[in-house]
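Take a look at the structure set out below.
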Amino acid sequence: MKMRTKIKELWEKLDKAILLIPITIVILLTILFSVFPSGSSNVIDAVYGFLTQKLDWWYLIFGVAILILLIYMAASKKIGTTKLGKPEDKPMKRFTYGALVFTSTMAADIMFYAFHEWTYYWDYNVSDLADTSTTSAKVLWSSTFSYVNWGFIPWAIYIVLAVIYGYMFYKSGRRNKQRISEACRSLIGRHADGPLGKSLDIVAITCLFFGTSTTFSIATPFMTAIICKLFNIAMTPVITIVTLLVIAAIYTAAVLIGNKGISVVAKIATILVSIVLALFFVLGGPQFILETGFQGIGNMFAHYARIVTWTDPVRASSFPQAWSLYFVCYWCAWAVGTPFFIAKISKGRTIRQTIIESMTYGLLGTFMSFMILGGFGMNIQASGTLDVVGMI
């Protein structure tokens, strides 16, 4: 009875237009993609080509600018020391906070990418940056690009917005509306309550749906394949759908339970991922993994400015267009919802603490995943045990 009452209360609070219009858009586009697959593919390729070939510079500049803004906010005495909440508000414990930050942004897709993303970079022509003709150089730069694409700029996109939303919730007294339009009120004024604000929210939720569908289209077949492999059963669409329903049920139950529900799920997920990483570290060649990770992170710092500003104007490889820009777009799609969550759990922390701790926990989890799982795969490739690159 309590659960039913809570669902009813949540439904009454929802803005039906902001929810139903994006769902309708997604369903209609899904039908069009299914009925006209070839034509849809051509349209998507044309849009993607325009974004990557004509606006690549804008996305890359945007990513760098966001990172610079985040550094400024953390370093500023006035901004950095601003507390998100009342003076007596206590911050969440660090382990719980770290688990929630990491699991709110990095889901099953990180397990998918961390294992094999380096294979895409292995034979790429990146001669503008370095000579990658040797196996040693391939190992170095393949790991480096993973750290760059999943590192400071992605987390900066999330955290800058998280800080802005946190200020909106806890300092400006606008906690009741978790909307993009509300965050833009200082720019658009009273129009936040009109058609302009509504349009912003509809576009934002539509983008979030597409970002979610992208993640699940990658992660769900991956998880289904693992389940089928473990239990030696045939992989079918039914199993994929059941997997999705189980995930939805767990998440919905955790949300309805309250704040502790999500915290418990996040802690369990963090512990399980840590166990998986520990197993792969021990069995996958600890020395190789540590050495590869250490040199990859060092190489990232040594060449960071050059990598994130590389646009490849003559399109010798189109690497920035295919990967650097792709990931900036990927993080932007998820930046609609994820920063709201980080903002909500950052109550009691100063802006500087929120920035430093969120970035630290986020990078720790991300870099450890790529170092261990990616290092495991590269060790197999470099030793000649298995041609992983050829398989991919």
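The values are calculated or read from the model by the stated rules, or taken from the named source; none is laboratory data. Just so it is clear, the structure is predicted and the values come from calculations on it, not from any experiment. Cβ atoms come from the backbone with ideal geometry, glycine included; neighbour counts cover every protein chain shown. Heavy atoms of the whole protein, side chains included, go into the accessibility calculation; ligands, DNA and RNA do not. Shrake-Rupley method; radii C 1.70, N 1.55, O 1.52, S 1.80 Å.
Calculate the tail of P(r) for region 10-107: the fraction of all Cα-Cα distances greater than 19 Å, expressed in %. Of all Cα-Cα pairs in region 10-107, 75 percent lie more than 19 Å apart.
For 380, 23, 342, the ranking by accessible surface with the largest value first comes to 23, 380, 342, using a 1.4 Å probe. Can you give me the angle between helix 56-75 and the longest principal axis of the chain, using Cα atoms only, in degrees from 0 to 90, rounded to the nearest 10? Tilt relative to the chain: about 70 degrees.
Relative to the globular-protein estimate of 2.2 N^0.38 Å, the Cα radius of gyration of region 80-168 stands at 1.54.
For residue 352, the accessible surface of its heavy atoms amounts to roughly 70 Å² (probe 1.4 Å, protein chains only, rounded to the nearest 10). Centre-to-centre, using Cα atoms only, region 275-292 and region 202-231 are separated by 27 Å. Taking the charge dipole of region 244-392 about its Cα centre, with +1 at Lys and Arg Cβ atoms and -1 at Asp and Glu Cβ atoms, the residue from 323, 248, 293 reaching farthest to the positive side is 248. Against the criterion of solvent-accessible heavy-atom surface with a 1.4 angstrom probe, 191, 303, 116 sort, most first, into 191, 303, 116. Helix-only arithmetic for the chain: the sum of -39500 (n - 2.57) across DSSP H runs with n ≥ 4, divided by the residue total, places the mean residue ellipticity at 222 nm at -25000 deg cm²/dmol. In the chain, Cα pairs under 8 Å separated by at least six residues give a relative contact order of 39 percent.
Name the residue, out of 109, 89, 56, whose mean-square fluctuation peaks in a Gaussian network model built on the chain with Cα pairs under 10 Å. In the Gaussian network model the winner is 89. Once backbone amide H atoms are built at 1.01 Å from N, residue 348 has 84, 85 as its partners under 5 Å, excluding neighbours fewer than 5 places away on the same chain. Once all protein chains are placed together, residue 385 keeps about 110 Å² accessible to a 1.4 angstrom probe.
Hey, what angle do you get for helix 286-308 against the long axis of the chain, alpha-carbon based, 0 to 90 degrees rounded to 10? For 286-308 against the chain, the angle is about 70 degrees.
Straight-line cross-link reach from residue 90 at under 26 Å between alpha-carbon atoms covers these lysines, not counting any fewer than eight positions away in the same chain: 77, 78, 171, 177, 260, 267, 344, 347.
To the nearest 10, the accessible area of residue 48 is 100 Å² with a 1.4 Å probe. The loop-placed trypsin sites (Lys or Arg not before Pro) in region 1-104, going by DSSP, that have at most 10 neighbouring Cβ atoms within 10 Å of their Cβ come out as 93. Once the 1.4 Å probe is applied to the protein heavy atoms, region 176-250 comes out at 62 Å² accessible per residue. For the chain, a crude dipole built from +1 on the beta carbon of Lys and Arg and -1 on the beta carbon of Asp and Glu, taken about the Cα centre, is about 2180 debye to the nearest 20. Taking Cα atoms only, the orientation of helix 152-170 departs from the longest principal axis of the chain by about 10 degrees.
About its Cα centre, region 240-392 has a charge dipole of approximately 640 debye under the convention of +1 per Lys or Arg Cβ and -1 per Asp or Glu Cβ, with nothing else charged.
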